[in-house]
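Down below is the structure, laid out as structure tokens.
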Amino acid sequence: MQFETEPSISDKLRRRFLNSKRVLVLTGAGVSAESGVPTFRGGGNSAVWKGMPFEVISSAQVVEQDLPAVWEWFDYRRDLLQVLNPNPAHNEIATWQDRFSEFTLVTQNIDGLHHKAGSREVIELHGSLWRVRCVSCYARFEILSSRPRADACPDCGDPVRPDVVLFGEILPAGAFEQAAAAAANCELCFVIGTSGLVYPAAGLPEIAHVAGAFVCEVNPEKTPLSALCDELLMGRAGEVLPLLSRLGSDSRTTTGRVATRTS
Ligand code: BJW
């Protein structure tokens, strides 16, 4: 889909953006799309690996049955990522941590691009492609690009696996609870580049909405979460988010195409 005009930003969102202190951002694969990272549900064949859809290769069952195949898939993706860089959306979000006094960034992404853009204290709900964990003692280790990845746990010698959360697996201890507490406490919540299909992450905007926050979705497509949002900024994150930071220096609202619901 082409967006030839900038999405408009309502006065309500503008006021919230300029005055809120407690802000939560939830990101998904779409925030990294403009960096060249394939999305999961964006169509095409990008999420198919040797004929296996990602729901199969990224499942707890395959880790148990064929760990080498899982490593092949994750090593391949890490090699692709090594040369990719944050885009204007990651960079914009990184500036927000100093703009709002209580800022929480929650991501479903495992690509590490928020960190690379300078974001600190990112809640990574689905783990990281840049870490391994031991299948037995659960020790975690960073993967350094300068060294070959470890096959065995340096502590106990058992095999290691990617430190990511696959379908049917539980999230890292405390991660969702911390994100849910921030969602329940925020005044403004951005939902950026996620299809809103995978739980429990997709439950966070609803927690924020029920607690009275203004919820704004940034996505070129509508999602199942759109209906609960107060405002939809329909466009690519790397183009839309920089418009928000310009609000402080521009008292006008922008005009153009947007689907806006006021509450
Ligand atoms: C742009 C853009 C641009 C494009 N700018 N936007 C409640 C109800 C039903 C089921 C469940 C439930 N609770 C739990 C479940 C089960 C399951 C689940 O949710 N299933 C559903 C699919 C039905 N959840 C789990 O299993 C979770 N575990 C769990 O709940 O544990 C407790 C439990 C255990 C056992 C039984 C029951 C409960 C774990 C979920 C782990 C998800 N893992 C993955 C793989 C990670 C590793 C890997 O990378 O291989 O995480 S799946 C995949 O989906 C990945 C993503 O993080 C996740 C979300 O995808 P995301 O980010 O939304 O991306 P896409 O591609 O779907 O969407 C991209 C969006 O961007 C689109 O909307 C585009 O339009 C947009 N876009 N370009 C802005 N430029």
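The values are calculated or read from the model by the stated rules, or taken from the named source; none is laboratory data. As the structure is a prediction and not an experimental result, all values here were calculated from the model. Every residue, glycine as well, gets a Cβ built from its backbone with ideal geometry; the counts of neighbours run over all protein chains shown. Surface accessibility is based on the protein's heavy atoms, side chains included, excluding ligands, DNA and RNA. Shrake-Rupley method; radii C 1.70, N 1.55, O 1.52, S 1.80 Å.
So which residues in region 196-227 are among the small types (Gly, Ala, Ser), touching a Leu at 6+ places or on another chain (Cβ under 7 Å) and either more than 26 Å from Pro172 (Cβ to Cβ) or within 13 Å of the ligand (Cβ to nearest atom) (or both)?
Passing the criteria: Gly196, Ala201, Ala202, Ser226.
Would you mind stating whether Ala150 is of a type outside the set (Ser, Thr, Tyr), over 17 Å from Phe40 (Cα atoms) and in contact (Cβ under 8 Å) with a residue 24 or more places away in the chain? Working first, answer last.
Working: of a type outside the set (Ser, Thr, Tyr): yes; over 17 Å from Phe40 (Cα atoms): yes; in contact (Cβ under 8 Å) with a residue 24 or more places away in the chain: no.
When the stated conditions are applied, Ala150 does not pass them.
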Next on the checklist: Against the definition (within 14 Å of the ligand (Cβ to nearest atom) and closer than 20 Å to Leu84 by Cα), how does Gly168 come out, yes or no?
Outcome noted: no
Checklist entry - Do any residues in region 156-176 that are open to solvent by 40 Å² or more (accessible area, probe 1.4 Å) have Cβ atoms under 8 Å from those of residues that are near the ligand (Cβ under 6 Å from one of its atoms) and in a loop (DSSP other than H, G, I, E, B), where the two are at least six apart or on different chains, and which pairs are they? => result Phe167/Ser58; Phe176/Pro200
Item to check | Lone unmet requirement of (1) open to solvent by less than 10 Å² (accessible area, probe 1.4 Å); (2) touching a His at 6+ places or on another chain (Cβ under 8 Å) for Val191 | outcome: (2)
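In this structure, does Pro148 turn out to be more than 15 Å from the chain's Cα centre (by Cα), within 11 Å of the ligand (Cβ to nearest atom) and not in a helix (DSSP H, G or I)?
On the way: more than 15 Å from the chain's Cα centre (by Cα): yes; within 11 Å of the ligand (Cβ to nearest atom): no; not in a helix (DSSP H, G or I): yes.
Spelling it out, it is not the case that Pro148 is more than 15 Å from the chain's Cα centre (by Cα), within 11 Å of the ligand (Cβ to nearest atom) and not in a helix (DSSP H, G or I).
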Checklist entry - What number of residues within region 228-240 satisfy the criterion of being more than 9 Å from the ligand (Cβ to nearest atom) and in contact (Cβ under 8 Å) with a residue 60 or more places away in the chain? => result 4
Checklist entry - Which of the residues belonging to region 104-120 are open to solvent by 20 Å² or more (accessible area, probe 1.4 Å) and out of contact with any Leu (no Cβ under 7 Å at 6 or more places or on another chain)? => result His115, Lys116, Ala117, Gly118, Arg120
Checklist entry - Are any residues in region 18-57 open to solvent by 60 Å² or more (accessible area, probe 1.4 Å), modelled with pLDDT of 80 or more and among the hydrophobic types (A, V, I, L, M, F, W, C), and if so, which ones? => result Leu18, Phe40, Val56
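May I ask you to say which residue of Phe176, Phe167 is closer than 23 Å to Gly112 by Cβ, at pLDDT 95 or above and aromatic (Phe, Trp, Tyr)?
On the way: Phe167 fails: at pLDDT 95 or above.
So the residue among Phe176, Phe167 that is closer than 23 Å to Gly112 by Cβ, at pLDDT 95 or above and aromatic (Phe, Trp, Tyr) is Phe176.
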Next on the checklist: Can you pull out every residue in region 71-103 that is open to solvent by 30 Å² or more (accessible area, probe 1.4 Å), over 17 Å from Ala33 (Cα atoms) and not assigned by TED's automatic domain parsing to the domain that holds Pro159?
Outcome noted: Thr95, Gln97, Asp98, Arg99, Ser101, Glu102, Phe103
